[in-house]
Structure formats: C-alpha cells, structure tokens
Amino acid sequence: DALIFESGQKAIIGWNGTEEILILSTDLHASETTMVLEILPLPSNPKTIMKADSKSFTMAHNIVKSHAPRVPLYGLDLRQGGPIEMSIPSSVEITFHEKIGTHDIAVVKPRNVAEFASWIGNFLKNKNITQEASLQKFETIIRNYIFNGFNYFVLDIIELSTKQQSVEPIFYQFETSSLYYPLKISSMASGETKITLFLLTREAIDELYCFPFRYAYYGS
C-alpha cells in the first residue's frame, strides 16, 4: 500500500542511427520502506546492461557548460506547439538476469500482458516477495508497447525508503532505428516528474519531435 514518488529522471542518450546507448538514473522515494519493481520497455533485446558511473552526468553537464557562450541563453518552449529459476512455467523468454549493485535486473520478452503479469508474479515469489504486483493500471500501456514492436522489458527490483535517493545509474545498449526514451510508462508515476535528457546524435534533433520537452540550445 506504499505510494511511490519519482521526482526526477535523468538520462544520457547516444544514438548513431541504428544503435542507442542509454545511461539512466531515477530519483525515487516512497511513503514507507518497500520493495519496488520498475519496468522499462525497450525496442530490442539489449546487447549490454551494466552499472554506469554517476559522474557521467556531471561530465555531461561540464561539457555543456564549457561550450556555453557569454551571452544570454535562448530556449524554445515546445509546450506551445545470478540465473533465474528456469522451473517457472511460462513461455516468456528470459534473455538476461543479473544482480548489479542495488539493482536486481531481468530482461524478458512476453507475448501478451496476461502472460507477462503471470510471469512477474512467479518471478517475485522466487525472490521471496509475497506482495502481489498488479499490472492492471499498466495494462493498456504495456499492450500498446507490445503492439508497436517494443517486445523486450527490463524488470528492476530495488528497495526504497521515505528518503529521496538517486538510484545508481544503469547503462543499456540496444539496437533501434529511432532515438528512444520510455515516456509513456514514465507517465504512470505518482506526482510530478522532471525529466532531463542529454542527447548525443550525428545530426541535430528536429524540434518538432521534442514535444512535450523544452528544447534547450545555445544561440548566437
């Protein structure tokens, strides 16, 4: 019955047109100490999942700051415009499972929402977590992800307290034909969430596709 609050998300995204690197960290706290299961949809099976250095965000900030012009900044507000128990009976494909720092991460490929929900229940029982996890309010969004070809889901179990904390970042590498960030499922968090993305791409990002973000840049 604990309430989960995600006050912030920050990510560094590098995309070369066919492959993306996503370094992701979230700022979380709960109304009481509890275990939390986070779900991250991905467009393909990740090639690499590993712990990232939290200094990455400081370095990204310093890179931007070092190129800052000594003139007022201009912004465009687009708001205007260890192996898993394989005895679990399921046809859900498990492609990854590993303990990384405070994270217990698994990557699965379900065929549908009902199958996914059943597998999650068994997965949590294997972790000695007796509380049932309901996907009811996520059902429509998860079904939409699967329908649109986002067939892989990262499941991440972490422990939260009432004190806000930045969860140590995780590095993901996966193939994708477009720059990707999971905004739809992020919208299910309680309260307001501030999302900051640092993008590295070969070409400039079309501002029309940045909604609802505010597109920040330096101008002369």
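Numbers below:
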{"item": "Members of segment 139-195 found to be part of a helix (DSSP H, G or I) and open to solvent by 50 Å² or more (accessible area, probe 1.4 Å), listed by number", "result": "139, 140, 143, 144, 147, 183, 184"}
{"item": "Near pairs, Cβ below 6 angstrom, 6+ apart or cross-chain, from segment 6-17 (assigned to a strand (DSSP E or B)) to any residue that is among the basic types (Lys, Arg)", "result": "8/194"}
{"item": "Test set (1) within 18 Å of the chain's Cα centre (by Cα); (2) more than 30 Å from residue 55 (Cβ to Cβ); (3) at pLDDT 85 or above - residue 176 fails condition number", "result": "(2)"}
{"item": "Where a residue in segment 196-220 is at pLDDT 80 or above and its partner, wherever it lies, is in a loop (DSSP other than H, G, I, E, B) and aliphatic (A, V, I, L, M), with Cβ under 8 Å and at least six apart", "result": "199/179; 199/205; 201/179; 205/179; 213/78; 214/78"}
{"item": "In segment 196-212, the residues that are over 17 Å from the mean Cα position of the chain (by Cα) and either open to solvent by 50 Å² or more (accessible area, probe 1.4 Å) or of a type in the set (S, T, N, Q) (or both)", "result": "200, 201, 202, 203, 204, 206, 207, 208, 209, 211, 212"}
{"item": "Qualifying positions in segment 8-37 - open to solvent by 30 Å² or more (accessible area, probe 1.4 Å) and either among the β-branched types (Val, Ile, Thr) or more than 22 Å from residue 199 (Cβ to Cβ) (or both)", "result": "18, 21, 29, 31, 32, 33, 34, 35, 37"}
{"item": "Total residues in segment 101-137, condition assigned to a strand (DSSP E or B), under 14 Å from residue 35 (Cα atoms) and open to solvent by less than 10 Å² (accessible area, probe 1.4 Å)", "result": "2"}
{"item": "From the options 162, 140, 201, 130, residue that is among the polar types (S, T, N, Q) and under 24 Å from residue 13 (Cα atoms)", "result": "201"}
{"item": "Scope segment 101-132; condition modelled with pLDDT under 90 and acidic (Asp, Glu); matching residues", "result": "115, 132"}
{"item": "Of all residues in segment 41-58 being assigned to a strand (DSSP E or B) and out of contact with any Pro (no Cβ under 6 Å at 6 or more places or on another chain), the one that is least open to solvent (accessible area, probe 1.4 Å)", "result": "42"}
{"item": "The lone exception for residue 98 - which of (1) open to solvent by 30 Å² or more (accessible area, probe 1.4 Å); (2) modelled with pLDDT of 90 or more; (3) more than 15 Å from residue 37 (Cα to Cα) it fails", "result": "(3)"}
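The values are calculated or read from the model by the stated rules, or taken from the named source; none is laboratory data. In this text, all values refer to a predicted model and were calculated from it rather than measured experimentally. Counting neighbours? That spans all protein chains shown, and the Cβs are built from the backbone with ideal geometry, glycine included. Ligands, DNA and RNA are excluded from the accessible area calculation, which covers all protein heavy atoms including side chains. Shrake-Rupley method; radii C 1.70, N 1.55, O 1.52, S 1.80 Å.
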